[in-house]
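First up is the structure itself, then whatever we jot down about it.
The values are calculated or read from the model by the stated rules, or taken from the named source; none is laboratory data. The structure presented is a predicted model; accordingly, all values stated were derived computationally and were not measured. Here the Cβ positions follow ideal geometry from the backbone for every residue, glycine too, while neighbour counts run over all protein chains shown. Only protein heavy atoms, including side chains, enter the accessible area calculation; ligands, DNA and RNA are left aside. Shrake-Rupley method; radii C 1.70, N 1.55, O 1.52, S 1.80 Å.
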Amino acid sequence: MTQIGKNIKKIRNVKRLSQQAFADLFDLTRGNISSYEESRAEPKIEAMIRIANFFGIPLVDFIEKDLSVNELLHYNTHFVTETEILKNTYQLTKTPFVSIHYIRDYVQYHKDPVFMKKLPVLTIPCNSKSELIALELESSENLPAGFDFRNGNILFFELITKENIHRIINKLGIMIDTENIKFGIYRNENHELSLSLNEWINYPFNIGSDIRYFVLRASFKQEE
């Protein structure tokens, strides 16, 4: 049995939100919130992710842990504040979210529109016209040196096109082939682009191939 209903009620009490005010934040109804709190129903995964991210709560804790008021008061809400500010200048974009449990499936089926529509989405402020993907970091060991992202952080990537290729140099990126997601930093050596993991491993960059390349656009890091 999950702890979602209990946690929603505790969050409301801590934040002094009525059921209607809470529902309005996530395009739900007061009846939805009431049924969640009384354990008569549970939110869809998309709603769970939105609520957890909005209040800076790890998704697993939100679902499985009977959170204390003290814990709720100490979760990071800095991201929420920045998001509310950015709403004034950026449009809200629905971004497919790939959790660590779906990474293997994503690698295999990311070109299948039916599969992509089944993924949960995160709504973020962004004015990008390119395709976006939110990726939960499976292991920080896959990253180039110098990045302080940790396992479970969410990284937002933008698909590289001819229109945005000019601003990818020295930025963190990923390439998706038929085997895996490979991380690296985009380098320009002798007028040839590559994705460099380290001084020994460099992946070729060919925007005209079947391989898809993305560049880091934003990140969400949960404070400890």
Exercise for review: Take every Cα pair under 8 Å in the chain that's 6+ residues apart, average their separations, divide by the length, and report that relative contact order as a whole percent.
Suggested key: 15 percent
Practice item. Subtracting the Cα-Cα distance from 0.36 nm times the residue separation, let me have the gained length for residue 117 to residue 142 in nm, one decimal. Key: 6.3 nm
Study note, to complete from the structure: Once 192, 131 are ranked on solvent-accessible area with the largest value leading and a 1.4 Å probe, the list reads 192, 131
**Study point:** Length gained when the stretch residue 159-residue 38 is fully extended (0.36 nm per residue, less Cα-Cα span)
**Key:** 39.4 nm
Check your understanding: residue 65 to residue 180: FRET efficiency via 1/(1 + (r/R0)^6), r the Cβ-Cβ distance, R0 22 Å, to the nearest 0.05?
Key -> 0.10
Check your understanding: Given the C-alpha centroids of the range 129-170 and the range 2-76, what is the distance between them in whole angstrom?
Key -> 29 Å
Study note, to complete from the structure: Computed for the chain: size of charge dipole around the Cα centre, +1 on C-beta of each Lys and Arg, -1 on C-beta of each Asp and Glu, debye to nearest 20, value 740 debye
**Study point:** Per-residue [θ]222 nm for the chain (sum of -39500 (n - 2.57) over DSSP H runs n ≥ 4, rounded to 500)
**Key:** -8500 deg cm²/dmol
**Study point:** Residue-by-residue Karplus 3J(HN,Hα) for the range 150-156, coefficients 6.51, -1.76, 1.60, Hz, glycine and proline x
**Key:** 10, 4, x, 4, 10, 10, 9
Revision key, fill the gap. When the charge dipole of the chain is computed with +1 at the Cβ of Lys and Arg and -1 at the Cβ of Asp and Glu, the Cα pointing farthest to the positive end, of 106, 214, 18, is that of 18
**Study point:** Accessible surface ranking that places the most exposed of 175, 116 first, with a 1.4 angstrom probe
**Key:** 116, 175
Practice item. Note down the accessible area of residue 15, probe 1.4 Å, to the nearest 10 Å². Key: 80 Å²
**Study point:** Theoretical gain in end-to-end length, residue 92 to residue 46 [0.36 nm per residue, Cα-Cα removed]
**Key:** 15.0 nm
**Study point:** Most mobile listed residue (194, 68, 128) in the chain, GNM with C-alpha springs under 10 Å
**Key:** 68
